[in-house]
1. Being touching a Phe, Trp or Tyr at 6+ places or on another chain (Cβ under 9 Å) and assigned by TED's automatic domain parsing to the domain that holds Leu40 is true for just one of Gln134, Gln141. Which residue is that?
2. In this structure, does Thr144 turn out to be under 19 Å from Leu46 (Cβ atoms) and modelled with pLDDT of 95 or more?
3. Return the only residue of Gly412, Gly398 being of a type in the set (Gly, Ala, Ser), in the same structural domain as Ile442 (by TED's automatic domain parsing) and under 20 Å from Asp327 (Cα atoms).
4. Is there any pair with a first residue in the range 222-248 that is not assigned by TED's automatic domain parsing to the domain that holds Val274 and a second that is at pLDDT 95 or above whose Cβ atoms are under 9 Å apart and which are 6 or more apart or on different chains, and what are they?
5. Please go through the range 44-63 and give me each residue that is within 23 Å of the chain's Cα centre (by Cα) and either surrounded by 18 or more Cβ atoms within 10 Å (Cβ to Cβ) or in contact (Cβ under 8 Å) with a residue 24 or more places away in the chain (or both), ordered by number.
6. Among the candidates Arg33, Arg14, Arg6, Arg25, single out the residue that is in contact with a Gly (Cβ under 9 Å, 6 or more places away or on another chain) and of a type in the set (Lys, Arg).
7. Which of the residues that make up the range 331-341 are in a loop (DSSP other than H, G, I, E, B), within 19 Å of Phe411 (Cβ to Cβ) and not hydrophobic (A, V, I, L, M, F, W, C)?
8. Among the candidates Ile263, Ile258, which residue alone is outside the structural domain of Arg35 (by TED's automatic domain parsing), touching a Ser or Thr at 6+ places or on another chain (Cβ under 9 Å), closer than 21 Å to Val82 by Cβ and among the β-branched types (Val, Ile, Thr)?
Amino acid sequence: MNQEDRISFLSPPRGAAPLPPGPVRYWMQAAIRTRYNHALEYAIHLANHRKVSLEVFFVLTWNYPQASRRHYQFLLEGLADVQANLSSRGIPFVLHQGDPPGVALRLAGESSSIVTDRGYTRIQRGWRDELARQAPCPVIQVDTNVVVPVETASVKEEYSAATFRPRITRQRDTFLQPLSPVPYWNSRGPLAPAAALPPADSVPGEPLEEALPGGEDAAARELTRFLEERLSRYSELRNVPDRDWTSRMSAYLHFGQISPLEIALRAVDYHEAVLEPGDASGVETLLEELIVRRELAINYTFYNPHYDSYQGLPQWARTTLEEHRDDRRPWTYSYRQLEAGETHDPYWNAAQHQMLRSGRIHGYMRMYWGKKILEWSPDPEEAFSRAITLNDTYQLDGRDPNGYAGVAWCFGKHDRPWKERPVFGKVRYMNDRGLERKFKEISRYTRRWTS
């Protein structure tokens with residue numbers, strides 16, 4: 001692996017001081033996978049170079065904000081895959097329970113180095129910073145959940161996709177490079193079966209009725225189905241709610257159970273090998289969503305300290321919404337009514353019920369869902385808070401940069417002013433008649449999720 005832009009040393013320089021004794025430990029937290037994981041491969045490289053042992057560990061905390069049973073079930077299924085796949089490479093995996101930076105700090109006292117992956121939200125960055133401030137050994141962070149490392153893509157918060165796209169596109173091919181697994185020098189072959197992971201049964205919340213299976217193996221199978229069944233018409237049909245022609249990768253990306261790099265490379269390879277050579281619309285649309293749009297969301301979360309609050313919106317959006325704060329709203333609902341999907345709008349209710357039952361909302365309906373929360377709440381600040389809370393609580397990919405940017409987009413982020421109207425001001429408006437004009441079979445979507 002020679003992409004140095006992915007690697008950063010979080011702890012203070014040690015100068016000529018010798019490294020402490022002990023193994024290299026990889027603190028796996030944001031990239032829960034063994035394939036296309038630059039942090040894992042870098043940790044193996046360090047252990048091989050120093051001829052010391054390697055251990056991978058994950059710290060499970062049962063009180064992660066807004067996380068419920070659906071999230072822990074998906075997470076634990078992913079950790080089971082990691083445990084099995086590391087074992088096949090002769091690499092031990094240890095699951096700890098407790099305070100993540102506290103456990104990592106204790107283990108740092110017994111390690112020659114700690115390698116960690118990179119998260120972009122406030123809590124994830126805080127954990128790593130806390131470890132780096134106190135660790136007695138070097139702490140090395142590897143940016144493996146993006147195609148282009150976040151600070152390489154841009155050194156500031158970007159205004160929109162139009163400003164971000166040329167920056168990241170210029171660098172895309174430099175980082176669209178395959179990552180081969182590094183053999184571990186101290187492997188003695190597959191390890192004996194490890195202890196079973198704890199169940200998610202004790203976590204509050206109901207299990208999903210229609211759940212995606214978690215884990216990198218399930219993610220790889222779902223990606224194969226997408227490439228073989230939906231990539232060819234992805235550009236044409238991805239926004240049609242009743243067709244569900246989406247990639248279904250968002251939850252796997254959120255939990256780091258698949259790499260965006262692997263998705264991109266497999267899509268390009270499949271297009272070149274199987275699909276008609278003249279039609280690249282499907283793969284180009286996928287790369288736009290996967291790299292430009294997703295990494296624009298990460299740019300927003302990384303550079304805007306208020307990414308999950310109303311204050312993170314652009315000034316023009318807050319100004320126009322303030323000017324229309326007192327406009328009469330034709331409908332208003334409580335948080336509990338929204339949560340239960342009990343509004344007058346069958347399309348919105350269907351989207352909410354899809355989220356409650358499956359942990360996801362179709363991408364186009366997710367935009368409509370957020371716009372209506374703005375319209376039906378007593379004020380824009382309350383609307384923003386409700387949208388974030390519902391998204392983080394019920395979406396499998398909640399508490400994620402993509403979700404924060406998606407909610408903020410509904411309030412004007414990464415967008416431009418539009419024709420002024422009540423309640424929304426100059427923020428883009430969406431309504432049910434627009435859905436009906438655009439999607440002639442939208443009623444099939446409502447029947448699917450409200451029956």
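1. Gln141
2. Answer is yes for this residue.
3. Gly412
4. none
5. Val56, Phe57, Phe58, Val59, Leu60, Thr61, Trp62
6. The conditions single out Arg33.
7. Within the range 331-341, Thr332, Tyr333 meet the criteria.
8. Unique residue meeting the criteria: Ile263.
The values are calculated or read from the model by the stated rules, or taken from the named source; none is laboratory data. Being a predicted model, the structure only gives us computed values, none of them experimental. Note that each Cβ is placed from the backbone with ideal geometry, even for glycine, and that neighbours are counted across all protein chains shown.
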